[in-house]
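The values are calculated or read from the model by the stated rules, or taken from the named source; none is laboratory data. As the structure is a computational prediction, the values presented were derived from the model and not from experiment. When we count neighbours, we look across all protein chains shown, and the Cβ atoms used for this are built from the backbone with ideal geometry, even at glycine.
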């Protein structure tokens, strides 16, 4: 999978027209097709996605909630800006939420949660093996879905919907930066995911061992792996 074809795609089924527009708009923002700060005019979006004003507006509102779109009141909408300051804040908040979440999950999670986490890791391993075997866009999209599901499964053990929503929003905001990092770091080359399995195995083992300190430490380090890159280059 060369970086020229490197994309994040959504694979969850769309139940409504607005959800379909939101999925396509989200992918276009994450893939850099709609650049940071770009004005999102209603006429342009209705033509681009073949939908009416109402579903487009609903989709924009949904992505405002995800932090990918900024509302400017009567002036309309823009793709959310990207900056080093914003990225550092996302990393800091992710560390706080991930640490609090994994500690609460280890304290409160029961056997059914452990089983769901093991199952999520099993899917992650299989998707990673497929990606390492054939670095295609479709295999990456499948891996990204599994990666997201595994991390969400960890915090689900805390039993807090609000905490899970915070984790999910921050994850989505961080994805834009992660994709930019991959494009910069591996420009013209294949992306190396060879160590991804070992890192997530360490997380799983620490959680299953109910070692909250170790699990929190690994997760804090994990969310900073793409910290050292220049947004401006």
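For the stretch 42-78, a residue qualifies if it is in contact (Cβ under 8 Å) with a residue 40 or more places away in the chain and over 21 Å from residue 167 (Cα atoms), and the qualifying residues are 58, 78. Filtering 132, 117 for residues that are in the same structural domain as residue 208 (by TED's automatic domain parsing), under 21 Å from residue 178 (Cα atoms) and touching a helix residue (DSSP H, G or I) at 6+ places or on another chain (Cβ under 9 Å) leaves a single hit, 132. Scanning the stretch 178-187 for residues that are in a loop (DSSP other than H, G, I, E, B) and at pLDDT below 65 turns up at least one hit. If I ask for residues that are in contact with a helix residue (DSSP H, G or I) (Cβ under 8 Å, 6 or more places away or on another chain), at pLDDT below 95 and assigned to a loop (DSSP other than H, G, I, E, B), which ones from the stretch 191-223 would you list? Hits for the stretch 191-223 are 191, 193, 194, 223. Contact annotation: residue pairs with Cβ atoms under 7 Å, 6 or more positions apart or on different chains, pairing a residue in the stretch 126-144 that is surrounded by fewer than 18 Cβ atoms within 10 Å (Cβ to Cβ) with a partner that is part of a helix (DSSP H, G or I), are 130/139; 130/142; 137/5.
Yes or no, residue by residue, for (1) under 23 Å from residue 222 (Cα atoms); (2) modelled with pLDDT of 90 or more; (3) under 17 Å from the mean Cα position of the chain (by Cα):
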| position | (1), (2), (3) |
| --- | --- |
| 22 | no, yes, yes |
| 40 | no, yes, no |
| 47 | no, yes, no |
| 54 | no, yes, no |
| 66 | yes, no, yes |
| 75 | no, no, no |
| 94 | yes, yes, yes |
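The residue list 175, 126, 165 contains one member that is assigned to a helix (DSSP H, G or I) and within 25 Å of residue 32 (Cβ to Cβ), which is 175.
Within the stretch 80-94, not a single residue is touching a strand residue (DSSP E or B) at 6+ places or on another chain (Cβ under 9 Å) and part of a helix (DSSP H, G or I). In the stretch 167-178, of all residues being in contact (Cβ under 8 Å) with a residue 24 or more places away in the chain and under 19 Å from residue 117 (Cβ atoms), the one that is surrounded by the fewest Cβ atoms within 10 Å (Cβ to Cβ) corresponds to 171.
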